[in-house]
Amino acid sequence: MNKIKLKDANFDKKLLFWGAYITCIICALYPFFQIGFTTADDLEYYMCALSGDYAVEFQRYARNTGRFYFLITKIFYHFPYIVDNLYFTKIIQYSTLSLAFVLFAMIIKKIFHSKELSLFVLLLLFAFLPITQNLHIAIIAYPFYFAFSYSLFLGAILLFLVYTERQKMLYLVISVLLMAISLLFYENYLLYLFFFGIFIFIRNWKIYGKTLFLKSTFYKEIVPFVAIGVLFCMVYFGYRMYVSTERGFYSGVTLAQDFNWKNFFSIIWGYNKTAFPTFIFFDKPNYLQIYSLLPAGHISNFWYVLVNASIAVKMGAILLTTLLFVLLKNLQLNFKWSKICIVFLLFMFFMFSVHLIIATTEKYNSNDWWANCAGYATTFYSYGFVIGIIALTFIALLKAFSKKKWLKNIAICIVLAINFCWFIIMGYTNEHLSRIWQHEQRNITMMDKLQSANILDTLPQDAAIYLGKIRYTNPMQLDFCNIFGQNSSSCSDYFSLKYHKKYNIFEKSAIFKEYFEQNTQKPVYYLEKIDISKSLDVLMAFSKINANSISIDNTENSDSADSTFLAATTNESVICFYSPVKVFSILFSLSDSLTTAGYFYINNMAFPLQNGINAITISNKNIRKEMTTFTLKSDIPFYATQFSVSTIGKLDIPIYEIE
């Protein structure tokens, strides 16, 4: 009976531990839950999945970049979007990222033979996921592509380590296959393969010494890896010779013609430094200020951050500290100093080598902006090594003070305090910066809701639709955070592929002017969007433009929506406000002065006009409805690009209630 109770008690402890472990991870990932598309590439992969035109896409990518492997593995880029559902995409994102982290932790366990250390590293990998202006983690950009291919590489390493223990050929064969497949995702793995070959050589040298080249085991282990590396290079460069054009290939895989050593070292360090916890917090406080919802804004003070961090962040920090305490108290510090130092140096070496190839290419080495930006998408590959370096530093600290219990306890307290502070700062930072991409997801949602409300279907078939600020959303002007900012036709393609309907959509002023000069009698609609940077609220105004108010000035520097629609007026707009706030005020400006009494109409209810700015408070009684939609008409034209919205409460103006 006592044995049964003891087993039950152990089971309860394990259940409590793993429950806390998983909850801590959820708290760490919480800021990313509302993020959808983040780059133009992600949107392009999604739209390709919608169209199903994979063959043409794969060939175009392969030829333009000179990467033959796109013909084989490009399909995996689109896998998160084969089901048109954000939750499915999120499941793929988190599953592949978790797989990569778990495999990295398992390699740590194989090297150090410590379950506690592997769980320690795994927890840190989730806890300190950084987010920067350059989208350098796979959970935010390029879902599945980075994390899955990295998992293949890590799986190859892990299985080879298992092979060295069990000497079963099957593990070696699968390891070689996984390594070969990972090469078909990214040529940077070729560099890893080279270093892995050196590891195999050193391992066999330690066993066989000078008789190394006489042993079949050595050739059995190294020849398959050398073969796949040589074969990959032959096919890679052979394909580039076969499809070469006068235009050349994508500059990101072409060696820099005017090599710049300063930019080379800037990339090697700059693309890695943002993987360290709290870097962005101290380096880019202005980004936090822009997206802070706090009355006082952002203040770089830990106590201020601690007080104003969300409940999820505080709970995660407490759980992290508790879990690390349990793991470190049970951690046996019997690791050899030589092993700690060697693995530490290897992690340092791999961290810097991740970007060796990128740092030599034309796109990055020859462009000062790319060379000096903080972090990049490929920083994901160095993140695990950064966390490994941090974890080994903590372990070295504990081991150095492990001879006396009270010194070890002080060292544990220092480690716990550092990790607690880091988790608070990282959670606070991620919550702020994730709002950049949450805005982008709101834009997608708003367009979906425009379609579901059949607003676009009510337009004449020959109507022209100009997308104004729909493509320019974030106040920091970060183009890589603008999913529609890098492709002039992506919005129109999105509408066509998503809704299976063809709309006459324009996104470039010059193209629209050319169209309008030949079709002055056809109706024109303008879509204006307003992002509220301090929240996730989005206002869209869909207006029928009065043709005589459109500017077709063709002088220099007039190629912009601002010049074309600067004075554009309308007498009717459909207003959509996507926000949890149900009482808000809309302000609009008349383009002409009142000479007689006039009225504006909200869903056909009349309100008196006044000269200049007019305002109306909208009260939506349906609190469950995500978007408030109504029609604004006016006897006097008003500007289609001069809307504003206030959510500070009821103003001393007329109120219209929507049931």
## Note on the structure
For the stretch 607-659, one quarter of the surface area of the C-alpha convex hull, expressed in nm², comes to 4.5
#### Entry: Beta bridges by DSSP in the chain, antiparallel share as percent, to the nearest 5
80
### Message
5 Å is the cut-off here: which amide hydrogens, built 1.01 Å from N in the peptide plane, fall below it relative to Ile505, excluding neighbours closer than 5 in sequence?
### Response
Ile465
### Query
Principal axis lengths of the stretch 230-311 from Cα atoms, whole Å, largest first?
61, 29, 27
### Query
Computed over the Cα atoms of the stretch 590-637, what is the ratio Rg over Rh, Rh following Kirkwood?
1.06
#### Entry: Alpha-carbon gyration tensor eigenvalues x 5, square-rooted, for the stretch 335-433, Å
33, 20, 8
### Task
Please pull out the direction-averaged projected area of the stretch 177-233, using the convex hull of its alpha-carbon atoms, in nm² to one decimal place.
3.8
### Query
From the residues Cys27, Phe325, Val581, which one has its Cα farthest along the dipole of the chain in the positive direction, the dipole being from +1 and -1 charges on Cβ of Lys/Arg and Asp/Glu about the Cα centre?
Phe325
### Query
Can you tell me the Rg and the Dmax, both Å, for the Cα atoms in the stretch 560-624?
14.3, 42
### Message
Helix-only estimate, please: 222 nm mean residue ellipticity of the chain, summing -39500 (n - 2.57) across DSSP H runs of length 4 or more and dividing by its residues, to the nearest 500.
### Response
-17500 deg cm²/dmol
### Task
Please quote Rg/Rh for the stretch 234-383 to two decimal places, taking the Kirkwood radius as Rh and restricting both calculations to Cα atoms.
1.11
### Total charge dipole magnitude, the stretch 223-296, about the Cα centre, Cβ charges on Lys, Arg, Asp, Glu only, Debye to nearest 20
60
### Message
Using only the alpha-carbon atoms, how far is helix 405-452 inclined from the longest principal axis of the chain? Give it as 0 to 90 degrees, nearest 10.
### Response
40
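Please compute the volume of the convex hull spanned by the alpha-carbon atoms of the chain and report it per residue in Å³.
Enclosed volume per residue, from the Cα hull, is 214 Å³.
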### Task
Report Glu44's accessible area, 1.4 Å probe, all protein chains in place, as a number in Å² to the nearest 10.
40
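The values are calculated or read from the model by the stated rules, or taken from the named source; none is laboratory data. Here the structure is a predicted model, which is why all the values come from computation and not from measurement. Every residue, glycine as well, gets a Cβ built from its backbone with ideal geometry; the counts of neighbours run over all protein chains shown. The protein model used for the area step is the full one, side chains on, heavy atoms only, and it has no ligands, DNA or RNA in it. Shrake-Rupley method; radii C 1.70, N 1.55, O 1.52, S 1.80 Å.
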